[in-house]
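Accompanying notes for the structure given below.
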Amino acid sequence: MEERGRLDRGDGVELAWIRRRGREPMVVFLPGFRSEMQGEKGTHLAAFCAGHGVAMLRLDYSGHGASGGEFAEGAIGRWMEDALAVIDREAGPSLVLVGSSMGGWIALLIALCRPERIAGLLGIAAAPDFTETLMWQAMTPVEQARLLAEGSLTAPSDYGEPILITRGLIEDGRRHLLLNGPIPISCPVRLLHGQQDPDVPWETALRTAERITGEDVRVTLVKDGTHRLSRPQDLALLSSTLAGLLDKDGG
């Protein structure tokens with residue numbers, strides 16, 4: 001039976017979450033940029049966990065999905081703090097983090113903040129540092145100057161409405177960059193990435209694996225996979241990879 005709730009993070013903004021109780025470690029799903037906990041991968045993982053009696057927590061960051069707040073006021077640090085607020089209040093002591101795209105970056109940051117609680121980490125097209133490498137560095141000098149002067153600009157998206165990029169998002173992202181140095185994470189890490197990903201280069205997975213200091217790190221490349229990795233065969237790979245992480249913890 002799923003429980004649904006809302007957590008006031010302390011400033012009147014309520015964060016939506018869905019939890020299912022079961023055996024630990026608890027799976028925590030962290031959605032991507034402009035995505036939400038009720039998306040295809042989140043609901044697939046919820047069904048997997050329900051079928052295996054595994055505890056699970058899903059959440060929406062502020063400005064996303066069913067949560068309150070304005071998207072334009074968000075940034076990587078803010079969304080990481082949102083996730084931590086829900087995890088610290090609603091999750092069990094032992095966690096396997098599953099992060100999709102931006103959620104992979106946030107999962108890495110959470111693992112650094114709560115190392116004693118993380119039993120494993122699974123990234124799906126994980127996108128650490130994307131605000132710098134895939135947004136700022138992709139802009140022309142004119143676009144960069146406009147963003148700094150006006151505080152925001154929009155970029156086209158293949159997934160619907162144009163993407164709003166704020167100066168705050170870029171500047172905050174720089175305070176949370178990970179790929180320029182060691183990432184001191186020791187739990188088992190699994191990274192899935194499609195080699196036809198048009199949004200986040202698959203080499204990002206290799207660079208992330210190289211930076212993580214722990215030894216139990218594996219990268220799985222899906223040669224014909226795209227960014228979403230949501231085809232039936234991709235979701236089957238996701239399930240089997242998660243099952244392996246849960247088994248490593250003795251589940």
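No lab work stands behind these numbers, since they all come straight from the coordinates. Bear in mind that the values here come from a model prediction, so they are computed numbers and not experimental data. Methodologically, a virtual Cβ is constructed for each residue, glycine included, from the backbone with ideal geometry; neighbour enumeration extends over all protein chains shown.
General observations
- Footprinting exposure proxy for 1, 56 (fewest neighbouring C-beta atoms within 10 Å first): 1, 56
- Of all beta bridges that DSSP places with both ends in the chain, some 35 percent have antiparallel geometry.
- For segment 77-212, the Cα gyration tensor yields ellipsoid semi-axes of 27, 17, 14 Å (square root of five times each eigenvalue, largest first, whole Å).
- Local net charge near residue 155, Cβ-Cβ under 13 Å (Lys/Arg +1, Asp/Glu -1): -2
- Extension gain for residue 171 to residue 206 (0.36 nm times residue separation, less C-alpha to C-alpha distance): 10.1 nm.
- Mean separation of Cα contacts under 8 Å, 6 or more apart, over the residue count of the chain: relative contact order %: 17 percent
- For segment 8-69, the Cα-based Rg and Dmax, in that order, read 12.1, 37 Å.
- Dipole of segment 17-86 [Lys/Arg +1, Asp/Glu -1 at C-beta], most positive-end residue of 75, 30, 57: 57
- Distance from the C-alpha centroid of segment 189-251 to that of segment 15-67: 18 Å, rounded to the whole angstrom.
- Compared with the direct C-alpha span, the chain from residue 139 to residue 14 gains 41.7 nm at full extension, assuming 0.36 nm per residue.
- Listed residue (155, 141, 180) projecting farthest to the positive dipole end of segment 135-180, Cβ model: 180
- Seen from residue 104, the other residues with C-beta closer than 14 Å to its C-beta sum to a net charge of +2, counting Lys and Arg as +1 and Asp and Glu as -1.
- All other residues whose Cβ lies under 9 angstrom from that of residue 1 are scored, Lys and Arg at +1 and Asp and Glu at -1, for a net of 0.
- The slack in the chain from residue 213 to residue 196, taken as 0.36 nm per residue of separation less the alpha-carbon distance, amounts to 3.4 nm.
- Computed magnitude of the charge dipole of the chain (debye, nearest 20; Cβ of K, R +1, Cβ of D, E -1): 520 debye
- Cα-centre dipole for segment 76-153 with unit charges at Cβ (Lys and Arg positive, Asp and Glu negative), debye to 20: 120 debye
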